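Encoded as structure tokens, the structure appears first; notes follow it.
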DNA sequence: CTTATTGCGGATAAAAATTATCCATGATAA
DNA sequence: TTATCATGGATAATTTTTATCCGCAATAAG
């Protein structure tokens, strides 16, 4: 392994790659018409992702009621509600889980001197500060709606990639039978 | 390993355990007097951590100029600057690295249709939204100073654990020769 | 009713990151 | 000189993430 002068350690607070995939898929699904669906395999192709693994993430989104799925031929996924009511936080929590990034291990208790448990009823101040920061993070993600992402993309994105994306959706979306807006 | 009825997947955006250790150590170091130091092994004992691994994290803090280290017997670590000028963000970035949690893999380019690179000069809107949220996170962490943590602990923490912590520091801190406030 | 397509879930495997240990080295106080 | 301690590299153990596969249920179409 080549070590340059000072090859930096890249151990970072990290979001799984599934989040990126999930958001892109959701944004793409925001472009399908009516109650049509897009197959998971089609989206995997669109982003050059492993189909079988992407399905895992899409499944999380289904479980979280962000997407709806339709089995069978002509089946696939669609948004479970309007893009205006889906936030990036919804997606991140669905894919990455609802636990905070900072988990207090209560290591303050692990020293050689064992105090009574009652000495630790007050929450750890460090934990409190970290969770407060994470609330700010989540609040910002909650503000970001999928519809904003799509609108910004349409308004500011490059026309070529927008056209390619729309063409892809047009080509792969599949109309459904049940004609009303939707049903659980 | 026991699997209960529906053992939840706990895949979460995660901060390494080293962060918790690092913050606790820094908070403890805020309690040492003058330019005295605390040995890494002592802090590992205080929190029931693996000494050799904790040293790695303390080393990161040294490299980031958050801590100073003194070699030799009676050596150890101390804060490199007053606790008022050390934020939780400083510590988190030192230990976890400076990369954002969300790394845009530009998967929008990976589809079957390859557009010219010029179609992607505009940054990905998803990436922008995620980074904006992370800025909010970091801003909150930057507000949280180590001195606040310590002060809150002194004011609101349980007297017993406070006393135990102070006693530990008293017992293990080691005065240094160079008598002025400090020197790099 | 049969067939083909698709999502779902479990089992499992491969790859990568995290956590942890060990040892050689240099610094330094006693 | 000796003992203590931080440093850094090498390496191992463990856990998490990523990925694949297969059988199953649902369902549209013939």
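Values in this text are rule-based calculations from the coordinates and carry no lab data. On a predicted model such as this, the values are computed, not experimentally measured, just so you know. Counting neighbours? That spans all protein chains shown, and the Cβs are built from the backbone with ideal geometry, glycine included.
Give the average, rounded to an integer, of partner chain Cβ atoms located within 10 angstrom of each Cβ in A:160-171. Mind showing how you got there, number by number?
Values: counts 6, 10, 1, 2, 7, 3, 0, 1, 3, 0, 0, 0.
Across A:160-171, the average partner-chain Cβ count within 10 Å equals 3.
Per DSSP H run of at least 4 residues, take -39500 (n - 2.57); add these up for chain A, divide by its residues and hand me the 222 nm value, nearest 500 deg cm²/dmol.
The helix contribution divided over chain A gives -15000 deg cm²/dmol.
Exposure proxy check: B:177, A:145 ranked by fewest other beta carbons within 10 Å? Don't skip to the answer; put the middle values down first.
Numbers: B:177 7, A:145 19.
Ascending Cβ contact count within 10 Å gives the list B:177, A:145.
How big is region A:4-115 in terms of Cα radius of gyration and Dmax, in angstroms?
So, for region A:4-115, Rg and Dmax equal 19.1, 65 Å respectively.
What's the whole-number percent of alpha carbon pairs in region A:91-165 lying beyond 21 angstrom? If you can, show how the numbers build up before the last one.
Working: 1533 of 2775 pairs.
Value for region A:91-165: 55 percent of Cα pairs lie more than 21 Å apart.
Ranking B:102, B:47 by Cβ neighbours within 10 Å, fewest first, what do you get? Before the final figure, lay out each step's value.
Numbers: B:102 24, B:47 19.
With the sparsest Cβ surroundings first, the list reads B:47, B:102.
Compute the acute angle (0 to 90°) between the alpha-carbon long axis of helix B:159-172 and the principal axis of greatest extent of the alpha-carbon atoms of chain B; round to the nearest 10°.
It works out to around 70 degrees.
Taking the label point as lying 7 angstrom from Cα along the Cα-to-Cβ axis, what are the distances from residue A:143 to the corresponding position in the remaining copies, in ascending order and in nanometres?
1.3
Assuming R0 = 51 Å, what is the FRET efficiency of residue A:155 and residue B:63, from their Cβ-Cβ distance, to the nearest 0.05? Show your work: numbers first, answer last.
Working: r = 44 Å, r/R0 = 0.86.
The formula returns an efficiency of 0.70 here.
Helix A:17-29 versus the longest principal axis of chain A: what angle, 0 to 90°, nearest 10, using Cα atoms?
Once rounded, the angle reads 30 degrees.
What list do you get for A:162, B:38 if you sort them by fewest beta carbons within 10 Å? Walk me through the intermediate numbers first.
Working: A:162 16, B:38 24.
Lowest count first: A:162, B:38.
To check my understanding: the extent here is largest minus smallest coordinate of the Cα atoms along each principal axis. What are those three numbers for region A:20-59, in Å, largest first?
27, 18, 16
As an exercise, find the ratio Rg/Rh for the protein assembly as shown from alpha-carbon atoms, using the Kirkwood inverse-distance average for Rh.
Working: Rg = 25.1 Å, Rh = 23.3 Å.
Value, to two decimals: 1.08.
So, in nm, how far is label residue B:142 from label residue B:103 when the simple model puts each one 7 Å beyond its Cα toward the Cβ?
2.3 nm
Between A:51, A:159, A:100, find the one with the highest GNM mean-square fluctuation for chain A; connect C-alpha pairs within less than 10 Å.
Largest GNM mean-square fluctuation: A:159.
What spacing in nm lies between the two simple spin-label points modelled at residue B:50 and residue A:52, each 7 Å away from Cα in the Cβ direction?
According to this spin-label approximation, the distance is 3.2 nm.
Roughly what would the spin-label model give for residue A:120 and residue A:177, points 7 Å off Cα along C-beta, in nm?
5.8 nm
Relative to the longest principal axis of the C-alpha atoms of chain A, give the angle of the C-alpha long axis of helix A:146-156, reported between 0 and 90° and rounded to the nearest 10°.
Tilt relative to chain A: about 60 degrees.
If you project the alpha carbons of region A:51-109 onto the principal axes, what extent comes out on each, in Å, largest first?
56, 29, 14
Could you give the alpha-carbon Rg of region A:41-184 over 2.2 N^0.38 Å, rounded to two decimals? Don't skip to the end; give the middle numbers.
Numbers: Rg = 21.5 Å, N = 144, 2.2 N^0.38 = 14.5 Å.
Dividing the Cα radius of gyration by 2.2 N^0.38 Å gives 1.48.
Given a Förster distance of 51 Å, report the FRET efficiency between residue A:128 and residue B:113 from their Cβ-Cβ distance, rounded to the nearest 0.05. Each step should come with its number before you reach the end.
On the way: r = 49 Å, r/R0 = 0.96.
Calculated value: 0.55.
Shielding by partners for A:144-154, please: the mean number of other protein chain Cβ atoms within 10 Å of each residue's Cβ.
3
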